[in-house]
Ligand code: RB5
């Protein structure tokens, strides 16, 4: 398993903590930056990490900013990416089980480091349930491809 990591300056420290955590667990990662607390633009780093997931260079992404919101918006604009902002353990689990999310987004000012690392562990170890959820996830791809959905 290989993880794409990305963050802006607002979550540089959280990304570093996630990186250390993955290292301790022996999980491979690619760090797309940023590489300091100097102010940068979150869409750049979010899209680089998200593209690595969409291109199957990485299996999952962990992308962070101050709130988790901006990076999730950027990541979700990349075709093939299903990014979810998670703020608790249940969300980290459910977005894998039901949405087959391939990117977890977190905010450094929103969650503690301890919770963030727990959510990463849950996200990376929870399987997509498939079944009726596959149809719904396929509909997300239809939206991405410009289809106008109707009931
Ligand atoms: C940067 O100041 C901040 O706007 C960014 O980290 C993020 O929270 C945006 O959604």
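The numbers here are math on the coordinates, done by the rules we state, and not lab data. Bear in mind that the values here come from a model prediction, so they are computed numbers and not experimental data. All Cβ positions, glycine included, derive from the backbone under ideal geometry; neighbour counts span all protein chains shown.
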Query raised in the report: Quick check: is even one residue across region 10-17 within 20 Å of residue 100 (Cα to Cα), within 12 Å of the ligand (Cβ to nearest atom), touching a residue at least 24 places away in the same chain (Cβ under 8 Å) and surrounded by 24 or more Cβ atoms within 10 Å (Cβ to Cβ)?
Result: no
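So in region 101-117, with the set limited to residues that are part of a helix (DSSP H, G or I), surrounded by fewer than 22 Cβ atoms within 10 Å (Cβ to Cβ) and in contact (Cβ under 8 Å) with a residue 24 or more places away in the chain, which one is farthest from the ligand (Cβ to nearest atom)? Quick ask: steps written out before the conclusion?
Taking region 101-117 and keeping what is part of a helix (DSSP H, G or I), we get 113-117.
Those left that are additionally surrounded by fewer than 22 Cβ atoms within 10 Å (Cβ to Cβ): 113-115, 117.
Next, from what is left, pick out any that are in contact (Cβ under 8 Å) with a residue 24 or more places away in the chain: 113, 115, 117.
Numbers: 113: 16, 115: 17, 117: 19 Å.
Among those that are part of a helix (DSSP H, G or I), surrounded by fewer than 22 Cβ atoms within 10 Å (Cβ to Cβ) and in contact (Cβ under 8 Å) with a residue 24 or more places away in the chain, it is 117.
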Report task. Tell me which residues, restricted to region 38-68, are away from the ligand (no atom under 11 Å from the Cβ), in a loop (DSSP other than H, G, I, E, B) and either in contact with a helix residue (DSSP H, G or I) (Cβ under 7 Å, 6 or more places away or on another chain) or within 15 Å of residue 104 (Cβ to Cβ) (or both). Result -> 38, 58, 59
**Report entry** Failed criterion for residue 84 (all others in (1) touching a helix residue (DSSP H, G or I) at 6+ places or on another chain (Cβ under 8 Å); (2) touching a residue at least 24 places away in the same chain (Cβ under 8 Å) hold)
**Finding:** (2)
Requested in this report: Run residue 71 past the list (1) within 16 Å of the ligand (Cβ to nearest atom); (2) closer than 14 Å to residue 11 by Cα; (3) surrounded by fewer than 24 Cβ atoms within 10 Å (Cβ to Cβ) and report the number of the one that doesn't hold.
Outcome: (3)
